[in-house]
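Participant: One structure coming up, written as structure tokens, with questions to follow.
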Amino acid sequence: MIHHKLSKRDFLKLSASAGTLLAAPAWAQQGASAPPAAPRGQVVAGISQEPTVFNPLMPGSEVDQGVWWQLFSTLWFIDAQGNTVADLAREVPSVANGGLSADGLVWKVKLKPGVTWHDGKPFTARDVKYTLDLINNPAFRARNRVGHSLVRDITVVADDEIHWRMESSFTPYMSVLSQTFMVPEHILGAAADPNTAPYNQAPVGTGPFRWGARRAGDHIQLDRNPAYHGQGPYLLRVIFKYIPDQTMLYTQFRSGQIDYLGLSGIQPSFEQEAAKLRGVRIMPVPTPFIEHVALNLGFGPFADKSVREALYLGMNKEARIQAIYQGRPLPTESYVPKGHWAYNDALPAHRHDPKAARALLDAAGWVPGSDGIRVKNGQRLAFSNSTTAGAQAREQSQQLLMQDWRQIGVEMTIENMPAAVIWGNFWQKSQYQSVMVASNFLQGSDPDVTARFSSASIPAKGGSGLNTYQYQNPEMDQLLAQGTREFNLDERKRIYHRIQEIVRGDLVLLPVSQTVIIEAVKEKLVGYENNINSSSNCWNMRSWYWAG
């Protein structure tokens, strides 16, 4: 356990040595027999959004990440107990083992010997260097450069050892690297343009499964990697079956065609029935995802804080949580999940007060027009809201929001679209007006939100990051920088509490709830483990197998 008073040296030792404190494997915890001696069977994972991004360094969604975990490996990963576990690295670097300097600036990573890419070529330190260099290449469309941009002087010492220096100490980098998948220099490095390389549609990794086949709009098949460097996999193949209609998705799970139903989970309207199914394990899973209404602050009316405050007052959050989700989600005012050490439980509680909302808009000069919709300087207070088409609960939620906001003189229209469209440039380049979305704001297990709220992380303004809200605030930028240089846990907690106060006070987004989803697996499928440190519970499919 990390104590509250930590020196920089102690923090680095603790954060990097957790990999030695491994819990019992999932099969032992579940009381199942040990994995089979020879791989057998397959798992069909049902998902409601289609994976479309197969280069793990490019902007992708949580469903894409579920596929990445099968095809690729990281230097280390964070398991379900929060331990940092070596993967491609021989050991997690720490001050104790000489992998980290006491000031956190010098990193020396030793790699596991004998690892090969799916095409048989050896994985070496040159691939690690290439991966980090590619992320930092301004011409490459990187998913996230936060932390990586501080890396300097990368030196390949040997095939199995790489060193680098950080321009400044960056506390979250251990977590960032836990979700940075390595890519092959010998393939991507030979491409004319890594952004459009054929590799991006037929990836080669070092992960437990290899690229098999893809039928766009239907499924992806991944086949067992017989030369995998870790334990497993115990399955012959994994199939990600894409069914956008969540009623049909559940129906196929109920009939046995789908073995694992995760990420979107079982819709609330099917929960009671699902609980009675035989041969199935139903699991309520608190996730790091925060359901919220994302506002594009570059859209005129939303630049007015009074409008954002009025929308929040006008939103009946509790009705949505009870009527649509049967009270399952956890109401929240923060983007940090409850139970996390950085969570601020002292944020002002939301209240549903349409009268106060109307008064606020009146005072801000938004006057009701002839049709009841407010107008200011000739602009109607009207905007669109988008989410993934076919997401039943969200679509019901949108209907309630329309009614809530109509009562305060605001017009919301619904413009839903397929996942591949909405989470492309529409979301990433801030082409939306408002979006209903659930996001995981953590960096691995770290609360750094530089990628989300820094003024330098706005893709629509040339930045690299996830600040699609287009939020800009000098105090926020300063706090984000402090948080990533600070090693004292009490001080970090103070910084991230203040950041949460600012996000809540400015209503950068309208928080609704922390997502609790109902995931389901067939009873005889062993190895599934909920991991709040990962955006996808497919993170350890290499360990899954069929009992009996």
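Just so you know, all these numbers are worked out from the coordinates, no wet-lab data involved. Quantities reported herein were computed from a predicted structural model and do not represent experimental measurements. FYI the Cβ positions are ideal-geometry reconstructions off the backbone, even for glycines, and counts take in every protein chain you see.
Participant: What Kirkwood radius, in Å to one decimal, follows from the Cα pairs of the chain?
Facilitator: 24.4 Å
Participant: Shifting gears a bit: What whole-number distance in Å separates the alpha-carbon centres of segment 236-307 and segment 424-468?
Facilitator: 21 Å
Participant: Sorted by average packing, counted as other Cβ atoms within 10 angstrom per residue and highest first, what order do 525-532, 80-87, 378-385 take?
Facilitator: Peptide ranking by packing, descending: 525-532, 80-87, 378-385.
Participant: With the dipole of the chain worked out from charges on the C-beta (+1 for Lys and Arg, -1 for Asp and Glu) around the Cα centre, which of L235, Q472, W366 lies farthest toward the positive end?
Facilitator: Working it through, the farthest residue towards the positive pole turns out to be L235.
Participant: Of all beta bridges DSSP finds with both residues in segment 319-417, what is the antiparallel percent, to the nearest 5?
Facilitator: If I count the DSSP bridges inside segment 319-417, around 45 percent turn out antiparallel.
Participant: Now for a separate question. In whole Hz, what ³J(HN,Hα) sequence does segment 239-253 give by Karplus (6.51, -1.76, 1.60; θ = phi - 60°), x for Gly and Pro?
Facilitator: 10, 8, 9, 9, 9, x, 7, 6, 5, 5, 4, 5, 4, 6, 5
Participant: Straight-line reach from K338: which aspartates and glutamates fall under 16 Å, measuring Cα to Cα and dropping same-chain residues less than 8 apart?
Facilitator: E291, D446, D448, E501
Participant: For R210, R126, R492, what's the fewest-to-most ordering of other Cβ within 10 Å of each Cβ?
Facilitator: Ranking R210, R126, R492 by Cβ neighbours within 10 Å, fewest first, gives R126, R210, R492.
Participant: For segment 54-148, take every pair of Cα atoms, bin their distances at 10 Å starting from 0, and report each bin as a whole percent.
Facilitator: 13, 39, 40, 8
Participant: Just how large is the dipole of segment 63-174 about the Cα centre, in debye to the nearest 20, putting +1 at every Lys and Arg Cβ and -1 at every Asp and Glu Cβ?
Facilitator: 200 debye
Participant: Given the pairs K129/K429; K112/K461; K241/K429; K108/K493, which span a C-alpha to C-alpha distance of over 31 angstrom in this model?
Facilitator: Over 31 Å apart, Cα to Cα: K112/K461.
Participant: Among DSSP beta bridges whose residues both lie in segment 287-516, state the antiparallel percentage, nearest 5.
Facilitator: 75 percent
Participant: Follow-up. Beta carbons within 10 angstrom, averaged per residue: use that to sort the peptides 471-481, 331-341, highest first.
Facilitator: Highest-to-lowest ranking by the protection proxy: 331-341, 471-481.
Participant: If neighbour count is taken as other Cβ atoms inside 10 Å, put I290, I239 in order from fewest to most.
Facilitator: I239, I290
Participant: Lys and Arg at +1, Asp and Glu at -1: add these up for the other residues within a Cβ distance under 15 Å of P35 and post the number.
Facilitator: Residues near P35 contribute +3 overall.
Participant: Could you list which residues have their amide H under 5 Å from that of W539, counting only those 5 or more apart in sequence or on another chain, with H placed in the peptide plane?
Facilitator: Here the answer is none, since no amide H 5 or more places off falls under 5 Å of that of W539.
Participant: If you don't mind, another one. For segment 194-203, in order, what is each residue's ³J(HN,Hα) by Karplus, 6.51 cos²θ - 1.76 cosθ + 1.60 with θ = phi - 60°, in whole Hz (x at glycine and Pro)?
Facilitator: Karplus-based 3J(HN,Hα) across segment 194-203 equals x, 5, 10, 4, x, 3, 5, 10, 8, x Hz.
Participant: Okay, next question. Report, for the chain, the % of DSSP beta bridges that are antiparallel, rounded to 5.
Facilitator: 80 percent
Participant: Still on this structure, please answer the following. Would you report the distance distribution of C-alpha pairs in segment 287-516 as whole percents per 5 angstrom bin, up to the bin with the largest distance?
Facilitator: The distribution over segment 287-516 is 1, 7, 14, 19, 20, 18, 13, 6, 2, 1, 0, 0, given as percents.
Participant: Can you tell me the order of 458-467, 350-359 when each peptide is scored by its average per-residue count of other Cβ atoms within 10 angstrom, highest first?
Facilitator: Result, highest mean first: 458-467, 350-359.
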